[in-house]
Structure formats: structure tokens, C-alpha cells
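The values are calculated or read from the model by the stated rules, or taken from the named source; none is laboratory data. Everything quoted here is computed from the prediction, not taken from an experiment. Note that we place each Cβ from the backbone using ideal geometry, even for glycine, and neighbour counts take in every protein chain shown.
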Amino acid sequence: MGGAGMSQPAVVCERVEKSFGSGEQRLRVLRGIDLTANYGEMTFLLGPSGSGKTTLLSIIAGILRADGGTVRVLDRDLARLRNGEGAKFRLENLGFVFQQFNLIPALTAAENAAVPLLAAGARRKPAVERARALLADLGMGHRADVLPSKLSGGEQQRVAFARALIQDPRLVICDEPTSALDGAAGRHVMELLRNVAVSPQRAVVVVTHDFRILEFADRIAEIDDGVIQKIETRKRESS
């Protein structure tokens, strides 16, 4: 994939529409969204519950299809990807950090982190070795053989980050990564994400309603009632 399209934004949404249901039950969730997310930046989607931000994130990830408008991710028009192509595209190019860590209880930290590589057909031994190296970079080398039930919440979060980054994705998508955390823990998670995920070859998109972490954003798109109310580009405070 290399640096193809690097001069273009990683994500471009134009006039994106999405509804659920039909007839009188039809609910317009997205009402003409225009949004870009650039390489080397953290773009935040900020809004209350029900504002449409998670739906937009799912469309950017290719999990949902837009009803109207265009969505280009890593210079690919998602509407032109057939079903099998979409899954392959996500596996090869996207990393996900979920609100719930979604670790597999029977697998060790290293095995959990290696899951995307294994799903892509990598051999188990080199995949787990690569996961071990990434966990070591995250300060988790000594916990690589531990099961999730024996890890603290912060340690589980680091395993989730390792899993998201193991394929060296060009787009990392985070869904409410701090919603279950107190202020100090949430800040620590965002510092970790900033340090390990943001690079000139990668874009990071974060959905949140947590105003405490906005200092980590390069751009903030505020969504309410399916419409982007404003987009703020900000100079982050030096850490």
C-alpha cells in the first residue's frame, strides 16, 4: 500500500446520508455529513448519545453502507467494494479500539494481540512473536503470557491497542475509548494512543462524548441530530 494517496486525506465523507427503518418508522440518522480526517492527526467526532456519531464511524469503517453521498477511505470508494472486498480491506488497513476491550478469555495477551494477523492467514508462531514485540513497546512485555482475567483494566487496554496496531493499519478507529474510565485513567489512555498510534502514515478517528480528552484532538467535528454543527482545528497543547 505504501504512501499512495498520502497527499490526500485518509477519510473523505461528502453529503453522507443514512436512515433506518421505512415509511412512517423511517429515522434519518445522518443528514448530509461532510468530513475529512487527515494522516498524522487525531480527528474527534464529538456529540451526545443519539447524535449519529457512532453510525458515521461505522460507515467510515465500512461496517454500514451510506444511503447517499460518497465515502472515500484511504483513497478507496467504499461503495465500490463488494462484500468480500470490504472485509479484506478492513482487515488489511483498519485497526479498531472498542469501548469494551473484547479480549478472548482463553487466549493470552500476546495471542489476543495477534488475532488480526492470524485472521489474515499468518502462521501462529511469527504472529505471536510480533505481538510480543509490540506489547513490549507498550510496557507489557512481562505480561504477554497472562490471560485477560488476570490483567488490570489498563493492561487490557494496552492489549487492545496492540491488537489494533498489529497490522500497522493506516486508519485506527476508536469508539468511546475513555467512557468507562475516570479522568486520570482516560487521560493516560489518550496519551498512550497519541504516542503509539499517531504517525505521518496513519490517521486516527475517535468517537467520544468525553470533554475531558479534547486537548488530544487535532480536529473536532461536533455532531448533533445527524448534522455536523461545526469543525474546529486546534493546536494541541505540548505534552
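Odds and ends about this structure:
- Looking across the stretch 90-108, the residues that are farther than 17 Å from residue 169 by Cβ and not aromatic (Phe, Trp, Tyr) come down to 99, 100, 103, 104, 105, 106, 107, 108.
- The set of residues in the stretch 78-137 that are over 15 Å from the mean Cα position of the chain (by Cα) and of a type in the set (S, T, N, Q) comprises 83, 108, 112.
- The stretch 96-108 residues that are closer than 19 Å to residue 185 by Cα, paired with ones that are among the charged types (D, E, K, R) (beta carbon under 6 Å, 6 or more apart): 98/175; 99/175; 99/176
- Inclusion of residue 175 among residues that are touching a helix residue (DSSP H, G or I) at 6+ places or on another chain (Cβ under 8 Å), surrounded by 15 or more Cβ atoms within 10 Å (Cβ to Cβ) and more than 20 Å from residue 8 (Cβ to Cβ) is warranted.
- Residue within the stretch 13-26 that is surrounded by 15 or more Cβ atoms within 10 Å (Cβ to Cβ), within 18 Å of residue 95 (Cβ to Cβ), under 18 Å from the mean Cα position of the chain (by Cα) and not β-branched (Val, Ile, Thr) present: no
- Filter result for the condition that a residue is under 22 Å from residue 204 (Cα atoms) and surrounded by fewer than 23 Cβ atoms within 10 Å (Cβ to Cβ), over 147, 117, 135, 151: 117
- Scope the stretch 41-77; condition on the phi < 0 side of the Ramachandran plot, among the small types (Gly, Ala, Ser) and within 13 Å of the chain's Cα centre (by Cα); matching residues: 58, 61
- Residue 227 crowded, with 17+ Cβ neighbours inside 10 Å, modelled with pLDDT of 85 or more and out of contact with any Ser or Thr (no Cβ under 6 Å at 6 or more places or on another chain): no
- Residues considered: 111, 85. Of these, the only one that is more than 26 Å from residue 148 (Cβ to Cβ) and either free of Cβ contacts under 8 Å to residues at least 60 places away in the same chain or part of a loop (DSSP other than H, G, I, E, B) (or both) is 85.
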